[in-house]
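Here's the structure, in structure tokens; my notes come after.
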Amino acid sequence: MALDLDVGLERVVAAATRLSDVQGEHGRLTIAGFPAEEVAPRATFEEMVYLLWNDHLPNSEQLAEFQARLAGYRSIPEHTVTLLRSAAERQTNPMDALRMGLSSLDVVADDPWEQAASIVSQTATIVAAFLRLRAGEDPVSPDPELSHAVDFLRMVGGEVPDPARVRALETYLNTVSDHGLNASTFAARVIVATESDLVSAITGAVGALKGPLHGGAPGPALDMVFEIAELERAEPYLRSKLERGERLMGFGHRVYKVRDPRADILAQATLRLYAGGAGDQHLYEMATGVEQVALRLLEEYKPGRNLQTNVEYYTALLLHCLGFSSDDFTPIFAVGRVAGWLAHCQEQLETGRLIRPSCQYIGEHDRAWVPRSDRGW
Ligand code: ACO
């Protein structure tokens, strides 16, 4: 019997959204009506979250009120810090620590928007606290007078960062804040559609984001560049990976069949950081050289598949330039994407519809029970 399955669901349209439009054939990304390259390098992170949640940019008064509301939620419970401390002592993977930290937050059932504001704020604090603890240092308490991005970098590094670093981080967080019905967003929508709660939905989304086919790619992408070390080694190294049937991290995308527009936004943000004297420009040049070899070999090994550079490759370079290590990249992705997850949860709740696809049974029917003593197989 021929099965008509769509196991990757790429032909299924499961939601209507005003949050983002991913035009894969044209390499265009619209976020809440704005071309991503227009809004991401300009908006503060709070403006971006407000935009996603309210479908318009805030005026100064609205922004100040929203920023204060988010900042008021930035502290995390003591029991969450204890949990993160114990995870750090065990050298837990930062994505696992983020999952644990988020799942330890209390569920506030009566006002989903207040819960959403607290989750956006506390996701950043959990990540920052864990990175400190893992380095053997105590977490830095939040400063509600500071903006989200400034305080995140301060809670990680212990000092108020310079504006260029803040701008680079905000550009990154905004760029990844929403992206259609990607795997983690879908996971969040499935969970909230059962009328579960936002803490559960975001915890589940973090689980989906962790995988190397989704948000887990930038660490391995940068590790690959480090392993190559010299540009002359790129071709034999990448060729042997492809010969073994391995995937090159940071390349290919389910929707984009041309270059991921987010890669360019992040490449420009990274170059601006270098222009200001930050980071290792040699690494950037190496990485762009490796990218060219990878694209040529992908076309050779997978002709016609249009495997192009995706957001993760330049995520790795930008976050490395900001001083983060490969293990930290995916949790920081979550610090940005949580804004979109929560906006999607709200849209999903408005539909009031349980998500429950079908599957086609391919097993047997009418088996007869065999007593344990008679199972001679
Ligand atoms: N390297 C080598 N080959 C690849 C790659 C890659 N990065 N990506 C896809 N291919 C190959 C597949 O093996 C497949 O080959 P085949 O038909 O000979 O078996 C062909 O190209 C088509 O691939 P699909 O699996 O159909 O592509 P899909 O849409 O399922 O995959 C994905 C998209 C998962 C992102 C894939 O390109 C990949 O694994 N990339 C590497 C991981 C990565 O960078 N992930 C981050 C994505 S961005 C994000 O989620 C934020």
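The values are calculated or read from the model by the stated rules, or taken from the named source; none is laboratory data. All figures in this text were calculated on a predicted structure; none of them were measured in a lab. Every residue, glycine as well, gets a Cβ built from its backbone with ideal geometry; the counts of neighbours run over all protein chains shown. All accessible areas refer to the heavy atoms of the entire protein, side chains included, with ligands and DNA or RNA removed. Shrake-Rupley method; radii C 1.70, N 1.55, O 1.52, S 1.80 Å.
Odds and ends about this structure:
- Once the range 5-20 is narrowed to residues that are within 16 Å of the ligand (Cβ to nearest atom) and open to solvent by 60 Å² or more (accessible area, probe 1.4 Å), the residue that is nearest to Ile362 (Cα to Cα) is Leu5.
- One residue stands out in the range 198-227 among those that are at pLDDT below 95 and more than 10 Å from the ligand (Cβ to nearest atom): the one that is nearest to Leu102 (Cα to Cα), namely Gly219.
- Hits in the range 130-184 - residues which are open to solvent by 20 Å² or more (accessible area, probe 1.4 Å) and of a type in the set (Asp, Glu): Glu137, Asp138, Asp143, Glu145, Glu159, Asp162
- Taken together, the residues in the range 228-239 that are modelled with pLDDT of 95 or more and among the small types (Gly, Ala, Ser) amount to 1.
- If the condition is being touching a helix residue (DSSP H, G or I) at 6+ places or on another chain (Cβ under 6 Å) and not small (Gly, Ala, Ser), then the range 334-348 contributes Val335, Val338, Trp341, Leu342, His344, Cys345, Gln348.
- In the range 206-215, the residues that are touching a helix residue (DSSP H, G or I) at 6+ places or on another chain (Cβ under 7 Å), of a type outside the set (A, V, I, L, M, F, W, C) and open to solvent by 10 Å² or more (accessible area, probe 1.4 Å): Gly207, Lys210, Pro212, His214
- Residue check for Leu248: open to solvent by less than 40 Å² (accessible area, probe 1.4 Å), hydrophobic (A, V, I, L, M, F, W, C) and within 11 Å of the ligand (Cβ to nearest atom): yes
- Per-region count, the range 162-196, residues within 16 Å of the ligand (Cβ to nearest atom) and out of contact with any helix residue (DSSP H, G or I) (no Cβ under 8 Å at 6 or more places or on another chain): 2
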